[in-house]
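> Here it is, the structure in full.
The values are calculated or read from the model by the stated rules, or taken from the named source; none is laboratory data. Predicted, not measured: the structure shown is a model, and the values here were computed from it. Here the Cβ positions follow ideal geometry from the backbone for every residue, glycine too, while neighbour counts run over all protein chains shown.
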Amino acid sequence: MKVLLADDDQDQLDLRRMVLSKSGYDTIAVTSAAAALEQAKIQRPQCAVIDLKIPTEAIGLGLIRALKAFDAAMRVFVLTGGDPKRIDGLPEKQLVEEVIVKGSSTAYLMKKLGELADNPQAGLQRLRAALVREGTVTFKVKAVPRAAVSEVVGLTTDGSLKVRIAAVPDKGKANEELRHALADWFQVPRSNVELLQGETSQRKVLRVRK
């Protein structure tokens, strides 16, 4: 699983990256909110672990919103040196997996990341919940054409939504069937499913609106 790490404390960032990398996670480490969003768009991580104050709480909250707006399926953990209940009343709390106090055992964060990797169905549920909550979701898709039936299978190891398509990739037929399958799965009109990237590739990016 690819994990984005964002913290303006270089020592803490290096330590966290070392521990996660040794455990087999593909890590991306950055020291600013702007760099975090830029790398998220380039490398498309499945999970982000970010410092709430990077360097201010307002910027950290903005980063949470920006990451989820870019990829609603991304799981976001927030690290804070203060009271973890500080953001309980804020709308951003609904966008994150958990707020973890800095200084907590690294094993706890590793346990939480492991639970995400082992439970792809939870990712599917979050994607649907994000559409209900936000009104729009943008996500990656791995399309598998020439299937017996069209169906949403689950999440791949890189966080993409795997969808089998009962159509061949000829003159846009597979893309149209993909839009139809996703519209059924999300229970929205087909016109609310938009292909953003990957018209001729198995790897695609789509946006769905309520």
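> Can you tell me how many residues in the stretch 21-40 are modelled with pLDDT of 95 or more and in contact with a Gly (Cβ under 9 Å, 6 or more places away or on another chain)?
1
> Can you list residue pairs whose Cβ atoms sit under 7 Å apart, with the first residue in the stretch 1-23 being within 16 Å of F77 (Cα to Cα) and the second being of a type in the set (F, W, Y)? Count only pairs 6 or more apart in sequence or on different chains.
M1/Y25; V3/Y25
> Which one of V132, V153 is of a type in the set (A, V, I, L, M, F, W, C) and in a strand (DSSP E or B)? Let's see the steps before the verdict.
On the way: V132 fails: in a strand (DSSP E or B).
Selected residue: V153, the only one of V132, V153 that is of a type in the set (A, V, I, L, M, F, W, C) and in a strand (DSSP E or B).
> When the stretch 61-86 is examined, which residues are found to be within 20 Å of the chain's Cα centre (by Cα) and in a helix (DSSP H, G or I)? Steps first, answer last, please.
Of the residues in the stretch 61-86, the ones within 20 Å of the chain's Cα centre (by Cα) are 61-79.
Passing the criteria: L61, G62, L63, I64, R65, A66, L67, K68, A69, F70.
> For the stretch 165-210, which positions are over 21 Å from the mean Cα position of the chain (by Cα), charged (D, E, K, R) and outside any helix (DSSP H, G or I)?
Result: D170, K171, E199.
> Could you say which residue among A29, A58 is outside any helix (DSSP H, G or I), over 22 Å from G154 (Cβ atoms) and more than 14 Å from the chain's Cα centre (by Cα)? Before the answer, list the steps.
Details: A58 fails: outside any helix (DSSP H, G or I).
So the residue among A29, A58 that is outside any helix (DSSP H, G or I), over 22 Å from G154 (Cβ atoms) and more than 14 Å from the chain's Cα centre (by Cα) is A29.
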